[in-house]
Amino acid sequence: MRFITLLLLLMAVVYDLSAQDYAYRTFKDSRIVNTQSVETLGKRRLDVRIAHRFGDLLGDNGGWATFYGLENATDVLIGAEYGLTNDVTVGFYRSKGAGSMPDGQAGLRQVLNGTLKYRFVQQSEEGSPVSLAVLGVTSMSAAERIEGNPDIIRNFSSFSHRFAYHGQLMVASRISDRLALQLTPAYTHRNVVPFQDENGIFSLGLAARIQLTRVFGLILDYTQPFSELRDADNGFYPILGVGLEIDSGGHIFQVNFTNATGIMETDYIPYTTTNWLDGEFRLGFTISRLFNL
Amino acid sequence: MTINLRNLLCLLLACSLLYAWKAAVVEDIRLEKDQAVAEVLQQLGDEPVPHYPDTSLQGVSVEAGKGIVLTGFAPKPGGGTINKQSKHYVCTACHNVEREDPDLSVADPQARLEYARDNGLPFLQGTALYGAVNRTSFYNGDYEQKYGDLVEDARHDLREAIQLCATECSQGRALEPWEMESVLAYLWTIDLKMGDLLLSEAEYAQIESAMAKQEKQQDAIALIKSKYLSGSPATFVDPPKDRKAGYPVDSTDVENGRLLYELSCLHCHENQRYSFFNLDDSKLTLRHLAKHFPRYTQYSVYQVGRYGTSPVPGSKPYMPNYTLEKMSHQQMEDLRAYIEHKAGWSR
């Protein structure tokens, strides 16, 4: 991790950061499927977003009984983000919260999420071959406290237990007009976790956009949490999302499938217990609307 | 009455002295290239235009006007900064603030395109703000079709024209009185100069003579006014009837089309500068445009070029159309040829 950080800092210094032919829109949206992309909003632009994850498409909780998950709303996120400058975006979202431990114990619910993204290097023809950005997320559960059971997360015996944090570095490159890649080392910290779980989890994400036509693009991302507890034997699974991105000529619509239940990083990275191979993946979509302010 | 020789000589001497004095005065009037056209016209006795700024209002300044035109922002008279005039556009999204025509007396889009290329300017739908204060007519020709009765007040009143542009074209707020006068104050810094008028030496001499002798001033005024348009003509045209075949032209010029794409389309759409519809030089984008060029869709350059786009609920900003004077049929076909060439598209 230290080596990667040093390498990136070195790249930022070595390359001419003042070059003008910047790569624009490495990704077309600020999210890929689950992972945030390196993209920031333009200055004074507001992006109002509604993201939705339905229930399991197949498996024990999917199929005809739930109309392939369409009758369930696993997670819903509503909020907005705003471009303070062309490189700094702040956001505020309310999410339902969906992640659970394999034993069924719920993670944070009714979550208020604040985000801050800063792009400090932008890919350019004469300069850096990659764009670099950092993202910070603070999540706070606004759910009612469940008293009398100190073993569960929502006991919230201390106010700080309501919080979880996430930080990630995004290294992205627009390889060509058709292909963009992103590497996302990240660290997620929860103030309170179930017994034997770890508060801090490192993870690494990989993401890609393959532009099929001007309108349609294929997007995918994969996140691997690094934790002794987080393997299939313990009921945790890596997070994989695939989606279709539709550029309507002003707005980006996204339809995706993912095994993650939660939408925010503080939710899906520590709490993905659903498996693609068991049919536990779901349809999701995001509606995003940009405004000039 | 008898006139003796001595008196006659005295009279002749006086006349000679008077003529010599007058000739000396005429020689003293020399017009400079950077002299304001409006000033010369007024010295010739022309009626002043009615849009000089009222600088008695608090807060009026050239700097504030320049800020509003170029960025939408300006310092408030009492401190702080005004709310951005338009969330969507600035004046320079559609108007140059530099001279954009080699010959100001004609509306020739091809000459303007080449001038824009040579001077590093964009090629835009709106008429240059440079020299706007010298014009007396605005929203001319077919703009009535687009804005209806709204153009009535704007046609012969620059303040009304600016206000119409502020609220309709840029979908922003109306200018406060001090803001309006500031904008006018700035526009008067980019008024026409005598050097812009392509006057010959003989024409300069004619004007100078009229100013000096105080005669034939109307001819001089007419001469000056013949060197620039008092208003931009605007002819709205439809896309070609047969969109697949395009406008009937003898041949197309791909390089000319490249200029149009770069100086016009990309001016607003590159990196979503003034539009959420992004354009770039990628093959994917050019193929998309080539495919839609002859279609009846919002991605058709024929469609949006000739009709513009319309405000829709939730999205008020819209693209203005290109009148025939701002983009000729030949240029439209050159643009299509460039896009199809870059897309590897054949009809």
Rounded to the nearest 10 degrees, the helix A:2-14 long axis (Cα) sits at an angle to the longest Cα principal axis of chain A of 20
Euclidean distance of C-alpha centroids, segment A:52-70 and segment A:251-277, integer Å
14
Quick note on B:197, A:70, B:31, ordering by fewest other C-beta atoms within 10 Å, gives A:70, B:31, B:197
Stick to the Cα atoms of segment B:254-343, pair each with every other, and give me the Kirkwood hydrodynamic radius in Å at one decimal.
13.2
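About its Cα centre, how strong a charge dipole does chain B have in debye, to the nearest 20, once Lys and Arg get +1 and Asp and Glu get -1 at the Cβ?
Values: 36 positive and 47 negative charges, 216 e Å.
The calculation lands at about 1040 debye.
Fewest to most neighbouring Cβ within 10 Å: what's the order for B:260, B:57?
Values: B:260 27, B:57 15.
Least to most surrounded, the residues fall as B:57, B:260.
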Angle between the Cα long axis of helix B:177-187 and the longest principal axis of chain B, 0 to 90 degrees, nearest 10?
70
Take the Cα atoms of chain B, find their three principal axes, and give me the spread along each one in whole Å, biggest first.
98, 57, 34
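Take peptide A:249-261, look around each residue's Cβ out to 10 angstrom, count Cβ atoms belonging to other protein chains, and average those counts. Walk me through the numbers on the way to the answer.
Working: counts 10, 7, 3, 1, 0, 0, 0, 0, 0, 0, 0, 0, 0.
Per-residue shielding by partner chains comes out at 2.
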Which of A:218, A:57 has the fewest Cβ neighbours within 10 Å, and the rest in rising order:
A:218, A:57
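Over the protein assembly as shown, consider all pairs of different Cα atoms and compute the Kirkwood hydrodynamic radius from their mean reciprocal separation; express it in Å, one decimal. Intermediate results must be reported in sequence, preceding the final value.
On the way: mean 1/r = 0.0343 Å⁻¹.
Result for the protein assembly as shown, one decimal place: 29.1 Å.
Using only alpha-carbon positions, what ratio does the radius of gyration of segment A:13-110 give when scaled by 2.2 N^0.38 Å?
Values: Rg = 18.5 Å, N = 98, 2.2 N^0.38 = 12.6 Å.
Compared with the compact-globule rule of thumb, segment A:13-110 sits at 1.47.
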Counting Lys and Arg as +1 and Asp and Glu as -1, each charge on the Cβ, what is the dipole of segment B:84-187 about the Cα centre in debye, to the nearest 20?
360
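Pull out the extension gain between residue A:152 and residue A:64, defined as 0.36 nm times the separation in residues minus the alpha carbon to alpha carbon distance; nm, one decimal. Don't skip to the end; give the middle numbers.
Details: separation 88, 0.36 × 88 = 31.68 nm, distance 3.29 nm.
Additional length available on full extension: 28.4 nm.
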Using a simple charge model, +1 on the beta-carbon of Lys and Arg, -1 on the beta-carbon of Asp and Glu, nothing else, what dipole does chain A show about its Cα centre, in debye to the nearest 20?
940
Work out how far the C-alpha atoms of segment A:128-209 reach from end to end along every principal axis, then list the three figures in whole Å, largest first.
57, 25, 19
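Taking every residue in B:325-332, how many Cβ atoms of other protein chains lie within 10 Å of its Cβ, on average?
Shielding by partners across B:325-332 averages 0.
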Quick check: net charge around residue B:35, other residues with Cβ under 13 Å of its Cβ, Lys/Arg +1 and Asp/Glu -1?
-3
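Could you order the peptides B:115-125, A:104-114 from most to least packed, using the average number of other C-beta atoms within 10 Å per residue? If you can, show how the numbers build up before the last one.
On the way: B:115-125: 17.1, A:104-114: 18.8.
Packing proxy ranking, top to bottom: A:104-114, B:115-125.
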Label points 7 Å out from Cα along the Cβ direction at residue A:228 and residue A:202: separation in nm?
1.5
Using helices alone, I'd like the mean residue ellipticity at 222 nm for chain A: each DSSP H run of four-plus residues gives -39500 (n - 2.57), total over residue count, nearest 500.
-2000 deg cm²/dmol
Along the charge dipole of segment A:158-213, which of A:167, A:180, A:204 sits closest to the positive end, that is, farthest toward it, with unit charges on the beta carbon of Lys, Arg, Asp and Glu (+1, +1, -1, -1)?
A:180
If each of residue B:271 and residue B:117 carries a label point 7 Å out from its Cα toward its Cβ, how far apart are those two points in nm?
2.5
Okay, which of segment A:101-120 sit inside 15 Å, backbone N to the point 7 Å along the Cα-Cβ direction of residue A:92?
A:111-116
Using alpha carbon centers only, segment B:293-329 is separated from segment A:171-239 by a whole-angstrom value of 42
Mean other chain Cβ within 10 Å across B:268-281 is 3
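Ratio of alpha-carbon Rg to the 2.2 N^0.38 Å globular estimate for segment B:62-209, to two decimals, please. Show your work: numbers first, answer last.
Values: Rg = 16.6 Å, N = 148, 2.2 N^0.38 = 14.7 Å.
In units of the 2.2 N^0.38 Å rule of thumb, it is 1.13.
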Per principal axis, descending, Cα span of chain A in whole Å
60, 42, 40
Name the residue farthest towards the positive end of the dipole of segment B:254-343 from the options B:303, B:328, B:338, assuming +1 on Cβ of Lys and Arg, -1 on Cβ of Asp and Glu, about the Cα centre.
B:303
May I ask for the angle, rounded to the nearest 10°, between helix B:283-292 and the longest principal axis of chain B, with both axes built from Cα atoms and the value confined to 0 to 90°?
90
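Determine the gain in length on full extension of the stretch residue B:11-residue B:31; use 0.36 nm per residue of separation and subtract their C-alpha separation, reporting nm with one decimal.
On the way: separation 20, 0.36 × 20 = 7.20 nm, distance 3.41 nm.
Extending this stretch completely gives an extra 3.8 nm.
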Going 7 Å from the Cα of residue B:345 in the Cα-to-Cβ direction, what parts of segment B:241-264 have a backbone nitrogen less than 11 Å from that spot?
none
Show me A:177-186, B:151-160 ranked by packing, highest mean number of other Cβ atoms within 10 Å first.
A:177-186, B:151-160
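Bear in mind these aren't lab numbers, they're just calculated from the coordinates by the rules spelled out. Here the structure is a predicted model, which means the values were calculated and not measured. Because the Cβ atoms are built from the backbone with ideal geometry, glycine has one as well, and the counts that use them run over all protein chains shown.
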